[in-house]
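Working notes, structure below.
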Amino acid sequence: MTTPTFTPRVFSGIQPSGGLTLGNYLGAIKRFVQMQEEGLPTVYCMVDLHAITVWQDPADLRHNTRELAAGFIASGISPEKSILINQSQVPEHAQLGWVFSCVARMGWMQRMTQFKDKAGKNTQNVSLGLFGYPALMAADILVYHATHVPVGEDQKQHLELTRDIATKFNHDYGVDFFPITEPVIEGAATRVMSLRDGSKKMSKSDPSDASRINMTDDADTIARKIRKAKTDPDALPSETEGLTERPEARNLVNIYAALSDQSVDQVLNEVGGQQFGSFKPLLAELAVAKLSPISTEMARLMSDPAEIDRILARGAEQAREITVPILEKTYEIMGMVR
Ligand code: AMP
Ligand code: TRP
């Protein structure tokens, strides 16, 4: 069997289940923009079908989907250069998702740590969709034959499952049809932590708003949250090793590095020896300088939701030029009568 080479294509998605956080921006969106600017074909998606694995108020889901689209565009994703979609307008995602839930094995799914974290003790009462979620995620990616997927660290296991599904499908049907996707987990902030607890991921679902920076926070709110961020009493070290065992300090330095496009070493060269009392205002100033143009542009875009809807409708048309033939070919390989 010859191994076909797949032309590079980038796909990634974010759930419209709340507002965007600094974690989404630094862990994912910033890299999405870079990959677009490298001239690669890119598809970026608001995964509304993933969001409903946990009940969403319909008005909130509609608002959050548009606001997420506005966040993408305000951060530099251009609908002229990238295909920008919401998942439910491209039905082939869900169709291939069903196929993949017949390829994935129960044992594989039971190992998913995100499911275990989200379900907690409540495993009997969460939706079946929450359990099957990674099969739909694999379909999102593979229905484009995407080869590269930029994500934060927390998605690594789901991308390994995507590779397992592609490998098993190819093997079971004796084809080399689906590519083995590469995760792209890069940068100083692939795992941005909560401002209140350096052992927890910054998340839009954390009950404490002070734990995260939202992309829609104003300058005063950002400055206040950084001022109140949990730290330790020591000064900042001059070397990276000095951050081990200091999760809160490491998190703030990582954020500074990612926002200023520097390495952690470069940042510590500049700020090593400083107390948090002087570092935090620097970080707040940098965060406001980087984020406020984005939130201003988001607000402007949100004043014309019809334009956002037009962009997403056009994105869906462009997307389906890719997804319809790939789904058709998948069905044909499997023996579905056409
Ligand atoms: P979600 O908000 O869970 O849909 O995540 C969307 C993208 O943002 C994924 O690529 C995540 O890995 C990334 N992401 C979410 N939270 C963080 C975080 N705290 N640090 C880094 N990346 C994150
Ligand atoms: N599971 C991802 C998250 O919660 C969102 C997602 C869905 C995704 N489909 C995807 C990410 C495909 C990358 C590629 O963050």
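No value in this document is a laboratory result; all are computed from the given coordinates. Just so we're clear, the structure is a prediction, and the values are computed from it rather than from any experiment. For neighbour counting, all protein chains shown are included, and Cβ atoms are generated from backbone atoms with ideal geometry for every residue, glycine included.
Annotations for the structure displayed:
- Here's the list of aspartates and glutamates a cross-link from LYS280 could span, going by alpha-carbon distance under 19 Å and ignoring same-chain residues fewer than 8 apart: ASP197, ASP209, ASP217, ASP218, ASP220, ASP232, ASP234, GLU239, GLU248, ASP261, ASP265, GLU270.
- Between the alpha-carbon centres of the stretch 60-131 and the stretch 245-293 there is a gap of 32 Å.
- Selection among THR216, THR231, VAL253 by position relative to the dipole of the stretch 209-299 gives THR216 as farthest towards the positive end (Cβ unit charges, Cα centre).
- Pairs exceeding a 31 Å alpha-carbon distance, out of LYS201/LYS329; LYS200/LYS290; LYS30/LYS116; LYS168/LYS200: LYS201/LYS329; LYS168/LYS200.
- Most simply put, the chain has about 10% antiparallel DSSP beta bridges, counting only bridges with both residues inside it.
- Taking max minus min of the alpha-carbon positions on each principal axis, the stretch 53-131 gives extents of 42, 27, 21 Å, largest first.
- Relative contact order of the stretch 209-299, pairs being alpha-carbon contacts under 8 Å that are 6 or more residues apart, as %: 39 percent
- Using alpha-carbon coordinates, inclination of helix 156-173 to the longest axis of the chain, degrees: 10 degrees
- Square roots of 5 times each gyration tensor eigenvalue, C-alpha, the chain, largest first, Å: 36, 22, 19
- Principal axis analysis of the Cα atoms in the stretch 209-299 yields extents of 41, 24, 19 Å, listed in decreasing size.
- Against the main long axis of the alpha-carbon atoms of the chain, helix 305-334 sits at an angle near 50°.
- All other residues whose Cβ lies under 13 angstrom from that of LYS329 are scored, Lys and Arg at +1 and Asp and Glu at -1, for a net of -3.
- Annotation for ALA313 and LYS200: the two label points, set 7 Å from Cα along the Cα-Cβ direction, are 4.2 nm apart.
- Alpha carbon centroid spacing (whole Å) that separates the stretch 301-338 from the stretch 12-36: 21 Å
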